[in-house]
Amino acid sequence: MNSLTVSVALDAAPDAVREKIRDVEPFMRAAEFDGVVVDGDRIELTNGVGIATIELTLELFDEPDADLAYRQRDGIFDEMVTRYTVEPTEDGSVVTAETEFQIDVALVGKLMDATIIKRQRRKELNAQFDWLETEFGG
């Protein structure tokens, strides 16, 4: 299993940050995917990565230690889970996103490997965190 973790410190109260990340549609759009459709607990994503177009169907799920969590229901991964946690600090909050994934080699083949996926995922998570910073005046 591959994993990637990214964090950002925000000058905002934890409850305010949780409210923003749980408003799933704008939060997912902030990742700069080419397409985002949210229908209840189901999220459909489309994104161009290099010469490939990735389509993922995700589902939100409850996880006791996460403020927001989703996993792949259908797509290029054997398995993929992302969790966001918000922790209080003296100055506001720290948001941490962790993505764990296992690549379906038969589907992805030589087009992408874990390094490319990690680089793309870091870009997406950083875009979401940039959006949060803008939302909170950072």
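The values are calculated or read from the model by the stated rules, or taken from the named source; none is laboratory data. What you see is a predicted model; the values in this text were computed from it and never measured. Cβ: placed from backbone, ideal geometry, glycine included. Neighbour counts: every protein chain shown.
Residues that are at pLDDT 95 or above, surrounded by fewer than 18 Cβ atoms within 10 Å (Cβ to Cβ), of a type in the set (A, V, I, L, M, F, W, C) and not in a loop (DSSP other than H, G, I, E, B) occur in segment 49-61; there is at least one. Consider segment 64-74 and keep the residues that are under 15 Å from the mean Cα position of the chain (by Cα) and without any contact (Cβ under 8 Å) to a residue 40 or more places away in the chain. The one that is farthest from A9 (Cα to Cα) is R73.
How many residues are over 21 Å from G137 (Cβ atoms) and in a helix (DSSP H, G or I) if we restrict to segment 10-39? Selection size over segment 10-39: 3.
Scanning segment 81-93 for residues that are modelled with pLDDT of 95 or more and either under 19 Å from M28 (Cα atoms) or not in a strand (DSSP E or B) (or both) yields a count of 9. Residues in segment 94-113 that are under 26 Å from D65 (Cα atoms) and at pLDDT below 95: F101, Q102, I103.
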